[in-house]
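Derivation of every value follows stated rules applied to the coordinates shown; laboratory data play no part. Just so you know, these numbers come straight off a predicted model, no measurement behind them. Note that we place each Cβ from the backbone using ideal geometry, even for glycine, and neighbour counts take in every protein chain shown.
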Amino acid sequence: MRAVQHACPSSEYSAGALDGVRRSAAACRACALWKNATQTVFGEGAQSAALMLVGEQPGDQEDRAGRPFVGPAGQMLDRALADAGIDRRKVYVTNAVKHFKNEPRGKRRIHKKPSEREIEACEQWLAREIAVVGPKLIVALGTTAARAVVGHPTPIERNRGKLMKHLPHTSLLITVHPSMLLRLPQEYKAGAYRQFVKDLKLAAPFVET
Ligand code: URA
């Protein structure tokens, strides 16, 4: 898999370009994940955002709401962004995979990690989001996001918390996925949260005030 490309600076796109991509993505059938999902969950935020956050895929609540990061992981992310001095309303938030991959179990739908094939099938949408938004910094949250953005598996612990050159006009910051913090044993939560906020603080100067 190659790294998603930043085709050209965002100023070359018309004001409604992102809405056009969103409409096309709503009908995506490039892999089978749409069959078990309610809808495509496209990214949200300003087309001119300087900071883009990339997660893994929508969860149960995001699938129903049609918006990224509105469930428990989203609440954790919102809290950490606020503690890092970042206003979420100024950020473009999206996912590597745009449909909720799940396995029905009784009344519940259990989250399943997307496969490489599914990440690749969705790469076209992330690539277009990056091209149209033209962020100055992409923050990859967790392994799936890092893999989708970088184009190959990139260990999180070894690469997190540093600003890296990615594309001609775009830097990259890798950190953990906020849902990891929710799953940790209680005694590790506070330290892991502090580290997450510390990573996100590196992104704060990229957000226009
Ligand atoms: N986890 C993600 O990676 N993205 C979401 O939108 C919600 C949970």
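Observations, loosely collected:
- Here the range 168-197 is the region considered, the condition is being in contact (Cβ under 8 Å) with a residue 60 or more places away in the chain and more than 16 Å from the ligand (Cβ to nearest atom), and the residue that is surrounded by the fewest Cβ atoms within 10 Å (Cβ to Cβ) is Pro168.
- Condition check for Gly55: on the phi > 0 side of the Ramachandran plot, in contact with a strand residue (DSSP E or B) (Cβ under 7 Å, 6 or more places away or on another chain) and crowded, with 20+ Cβ neighbours inside 10 Å: no
- Test: residue in the range 121-134 that is in contact (Cβ under 8 Å) with a residue 12 or more places away in the chain and near the ligand (Cβ under 10 Å from one of its atoms): no
- Some residue of the range 71-93 being among the β-branched types (Val, Ile, Thr), within 16 Å of the ligand (Cβ to nearest atom), out of contact with any His (no Cβ under 9 Å at 6 or more places or on another chain) and under 18 Å from Lys35 (Cβ atoms): no
- Residues satisfying the stated conditions in the range 42-92, i.e. free of Cβ contacts under 8 Å to residues at least 60 places away in the same chain and assigned to a helix (DSSP H, G or I): Asp60, Gln61, Glu62, Asp63, Arg64, Ala65, Gln75, Asp78, Arg79, Ala82, Arg88, Arg89
- Filter result for Arg117 (within 16 Å of the ligand (Cβ to nearest atom) and part of a helix (DSSP H, G or I)): no
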